[in-house]
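The values are calculated or read from the model by the stated rules, or taken from the named source; none is laboratory data. What you see is a predicted model, and the numbers here were worked out from it, not measured in a lab. Neighbour counts run over all protein chains shown; Cβ positions are idealised from the backbone, glycine included. SASA here: full protein model, heavy atoms, side chains in, ligands and nucleic acids out. Shrake-Rupley method; radii C 1.70, N 1.55, O 1.52, S 1.80 Å.
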Amino acid sequence: VGLVYMFNLIVGTGALTMPKAFATAGWLVSLVLLMFLGFMSYMTTTFVVEAMAAANAQLRWKRMEKHKDDEDEDSSSGVSDSDVLLRDSYERAETRPILSVQRRGSPNIFEITERVEMGQMASMFFNKVGVNLFYFCIIIYLYGDLAIYAAAVPVSLMQVTCSAIGNHSCNVGDGTKYNDTDKCWGPIRRIDAYRLYLAAFTLLLGPFTFFNVQKTKYLQIVTSLMRWIAFILMIILALIRISRGQAEGHPSMAQLSGIRNLFGVCVYSFMCQHSLPSLITPISKKRHVNKLVLLDYILILAFYSLLSFTAIYCFRNDSLMDMYTLNFTNCDIISIAFIRYFLGLFPVFTISTNFPIIAVTLRNNWKTLFHREGGTYPWLVDRIVFPAITLVPPVLVAFCTHDLESLVGITGAYAGNGIQYLIPAFLAYCSRKDTQLVFGSGALNKHRSPFHHTFWIVFVLIWGFSCFVFVTANIVLSESKF
């Protein structure tokens with residue numbers, strides 16, 4: 001079940017922008033980069049699992065030290081027999097299994113039984129500057145996420161409901177390129193319709209940022225079900241069109257100009273490291289967790305390849321939309337109106353359920369970043385200022401641009417790069433140093449990464465930093481040419 005959750009988490013909205021990125025970069029370059037970035041993501045996933053095990057061991061060790069201190073205090077001050085009996089019964093029920101494991105030096109000290117989130121691991125293993133940089137990276141990533149969500153819903157609604165020539169729902173996927181200044185309904189332009197939808201989206205879902213979002217289990221189940229129906233429908237419809245000889249796609253082998261966006265989209269589409277503590281901890285038998293996660297990654301790689309290859313061979317490069325679902329709102333592709341509208345509006349349903357959860361997560365991260373030990377926030381700051389600084393920036397970004405491919409690309413290439421490569425590598429390195437310091441060089445972490453040689457950490461760090469440089473240089477050169 002944990003691995004199904006991981007599959008659902010990784011295969012999300014980012015996958016919908018992948019076909020366009022594949023077409024722009026060329027099929028061979030795209031496939032090689034997708035496989036390489038999938039491998040890199042798997043490696044850093046094993047780093048996070050190793051750091052989780054080290055964090056669990058440290059927490060157990062601290063509890064053991066505290067227990068010893070309590071025992072010393074009890075022995076120095078006279079304790080009655082009834083107190084000893086009470087404490088002994090409590091120890092048998094709660095504490096002794098953990099302590100007995102530790103006293104024997106069993107490898108079970110590294111068992112992952114407590115959920116230790118990435119923020120907590122950062123505060124355990126990093127210094128103050130490292131912790132602040134970690135939160136900065138997470139916050140930028142979540143802002144990017146919210147901006148993508150805030151743009152994707154109005155774009156889908158605009159594309160499906162606007163009518164430029166006759167019934168637009170029948171020609172949105174036929175390769176016709178529309179300008180933002182084209183008419184939508186009467187005097188209202190397409191960009192006006194987009195902004196109206198954005199305003200409605202903000203007014204409907206924005207208020208959730210000011211409250212807590214709880215009990216979303218059934219919403220998430222419905223969202224996952226809809227996502228799978230949509231993805232399978234798109235693959236089947238594209239395969240049917242290809243088998244009938246109606247395919248229009250002639251993708252090139254390599255176009256280096258498209259690599260920047262493809263890199264960002266792929267990094268964004270393999271993102272799961274920040275959610276691993278919630279996914280891995282509840283799994284009861286973790287003995288082969290790294291092998292099972294590898295299987296998950298192979299399946300995800302196959303799924304992304306299938307989705308993207310069917311897309312680039314089914315549709316012409318210039319007709320592929322930023323949001324792939326919109327290519328299926330053409331009557332020539334599918335004649336059943338319900339399926340056309342279901343696929344066209346699919347991002348609206350799924351993203352709308354995730355937006356409040358991401359917004360509340362970002363708001364809480366802001367609070368944690370500025371929190372001082374023992375201090376509380378005034379009501380105005382707690383209930384108004386933090387939600388406002390969470391909601392306003394992504395809505396402003398969405399108001400200024402609805403270029404989803406660029407939004408996903410930049411979010412993945414910068415903040416995603418930090419979360420997926422740099423933070424896990426530093427966590428693995430610092431947790432190994434701390435483990436050696438506390439438990440000695442003989443302690444073996446049972447969940448240590450298969451890539452446990454220091455070379456791999458150095459390789460990931462060099463790769464992560466060089467990606468920052470490459471993407472920035474690419475953006476600067478593209479802008480100067482333009």
### Query
Do we find that Ala428 is in a helix (DSSP H, G or I) and in contact with an Asp or Glu (Cβ under 7 Å, 6 or more places away or on another chain) in this structure?
yes
### Query
Only one of (1) under 23 Å from Arg60 (Cα atoms); (2) in a loop (DSSP other than H, G, I, E, B); (3) at pLDDT 80 or above fails for Gly442. Which number is that?
(3)
### Query
Out of all the residues in the stretch 334-376, which are within 15 Å of the chain's Cα centre (by Cα), open to solvent by 40 Å² or more (accessible area, probe 1.4 Å) and under 21 Å from Leu16 (Cα atoms)?
Ile357
### Summary
Those residues of the stretch 162-212 which are modelled with pLDDT of 85 or more and in contact with a Leu (Cβ under 7 Å, 6 or more places away or on another chain) amount to Tyr197, Gly206, Thr209
### Task
Could you tell me which of the residues Val131, Val153 is crowded, with 23+ Cβ neighbours inside 10 Å, of a type in the set (Val, Ile, Thr) and in a helix (DSSP H, G or I)?
Val153
### Message
Step by step: first the residues of the stretch 242-261, then only those that are outside any loop (DSSP other than H, G, I, E, B) and at pLDDT 85 or above, then the one that is surrounded by the most Cβ atoms within 10 Å (Cβ to Cβ). Which residue is that?
### Response
Ile242
### Query
Between residues in the stretch 428-448 that are over 12 Å from Met52 (Cα atoms) and open to solvent by 100 Å² or more (accessible area, probe 1.4 Å) and residues that are modelled with pLDDT under 90 and not hydroxyl-bearing (Ser, Thr, Tyr), which pairs lie under 9 Å by C-beta distance while being six or more apart or on different chains?
Gln436/Ala443; Leu444/Pro107; Leu444/Phe110
### Query
Of the residues Phe468, Phe386, Phe459, Phe399, which single one is surrounded by 15 or more Cβ atoms within 10 Å (Cβ to Cβ), more than 24 Å from Lys286 (Cβ to Cβ) and free of Cβ contacts under 8 Å to residues at least 12 places away in the same chain?
Phe459
### Summary
Asn365 vs (1) part of a helix (DSSP H, G or I); (2) in contact with a Ser or Thr (Cβ under 7 Å, 6 or more places away or on another chain); (3) modelled with pLDDT under 85: all pass except (2)
### Pairs, first touching a residue at least 60 places away in the same chain (Cβ under 8 Å) in the stretch 137-148, second among the small types (Gly, Ala, Ser) and open to solvent by less than 10 Å² (accessible area, probe 1.4 Å), C-beta under 6 Å, six or more apart
Cys137/Ala415; Cys137/Gly418; Ile140/Ala415; Tyr141/Ala415; Gly144/Ala415; Ala147/Ala398
### Query
Say we look at the stretch 276-290 and pick out the residues that are part of a loop (DSSP other than H, G, I, E, B) and touching a residue at least 60 places away in the same chain (Cβ under 8 Å); which of these is nearest to Gln420 (Cα to Cα)?
Thr281
### Query
Could you count how many residues in the stretch 263-292 are among the aliphatic types (A, V, I, L, M) and over 18 Å from the mean Cα position of the chain (by Cα)?
3
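One line per residue, one yes/no per condition, for (1) more than 30 Å from Asp318 (Cα to Cα); (2) touching a Lys or Arg at 6+ places or on another chain (Cβ under 9 Å); (3) buried (at least 24 other Cβ atoms within 10 Å of the Cβ):
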position: Phe22; (1), (2), (3): no, no, yes
position: Leu28; (1), (2), (3): no, no, no
position: Glu50; (1), (2), (3): yes, yes, yes
position: Ala54; (1), (2), (3): yes, yes, yes
position: Trp61; (1), (2), (3): yes, no, no
position: His67; (1), (2), (3): yes, no, no
### Message
Being without any contact (Cβ under 8 Å) to a residue 12 or more places away in the chain and among the hydroxyl-bearing types (Ser, Thr, Tyr) narrows it down to one residue among Ser252, Ser243, Ser305; which is it?
### Response
Ser243
